[in-house]
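Here, each number is a calculation from the coordinates, and none is a lab measurement. On a predicted model such as this, the values are computed, not experimentally measured, just so you know. Every residue, glycine as well, gets a Cβ built from its backbone with ideal geometry; the counts of neighbours run over all protein chains shown.
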């Protein structure tokens, strides 16, 4: 028993080892967030849809918001909440919806989250740097497609991020 206790103490202390005072993180820039949002709006426009696109940073703060001229003002909040679900889960809002059917209703009640297709995480150099949400197309699947096209358009910038 003493050996077990000793090994638990020795291995357990690594979790409490000193942590650095500062943690380097990748942060999405205003320019990249703006470009992603615009590419999403343009992708939906090409299909005849007026949408809103919201890009959140890794902490869930709004970095860029665009609402196409004829898009309903309510689409901005929906897009933001879709992106919020992706920031929280680091997967698409649709995948998160499928994965958490057990608590979907409860998650939809949390301020800043909605589990509907149209939100995608933004990864750069292996790190989550934010998420995009799109709302206003005739279906949430079409919103997600516009978000995906926007990320494809900036993929090279994301892949070569330092």
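Normalised by the number of residues in region 27-159, the average gap of Cα pairs under 8 Å and 6 or more apart makes the relative contact order 28 percent.
Working from Cα positions, state the angle (0 to 90°, nearest 10) between the long axis of helix 74-89 and the longest principal axis of the chain. So the inclination is approximately 30 degrees. When only alpha carbons of the chain are considered, Rg and Dmax amount to 19.1, 72 Å.
Highest GNM mean-square fluctuation among 103, 116, 129, for the chain modelled with Cα contacts below 10 Å: 103. When only Cα pairs below 8 angstrom with a gap of at least 6 residues are kept, region 16-64 shows a relative contact order of 35 percent. Peptide packing: for 39-47, 152-160, 18-26, the average count of neighbouring Cβ atoms within 10 Å per residue gives the ranking 39-47, 152-160, 18-26, highest mean first.
Between residue 141 and residue 23, the FRET efficiency estimated from the beta carbon spacing at R0 = 30 angstrom works out to 0.25.
Report, in degrees rounded to the nearest 10, the 0 to 90 angle that the Cα long axis of helix 30-46 makes with the longest principal axis of the chain. Tilt relative to the chain: about 50 degrees. Comparing mean-square fluctuations of 115, 151, 70 from a GNM of the chain with C-alpha springs under 10 Å, the top value falls on 70.
For the chain, a Gaussian network of Cα nodes joined below 10 Å ranks 83, 147, 99 by mean-square fluctuation, and the top entry is 99. Placing a label point 7 Å from the Cα of residue 47 along the Cα-to-Cβ line, the residues of region 118-137 whose backbone N sits under 18 Å from it are 118-121, 132-137.
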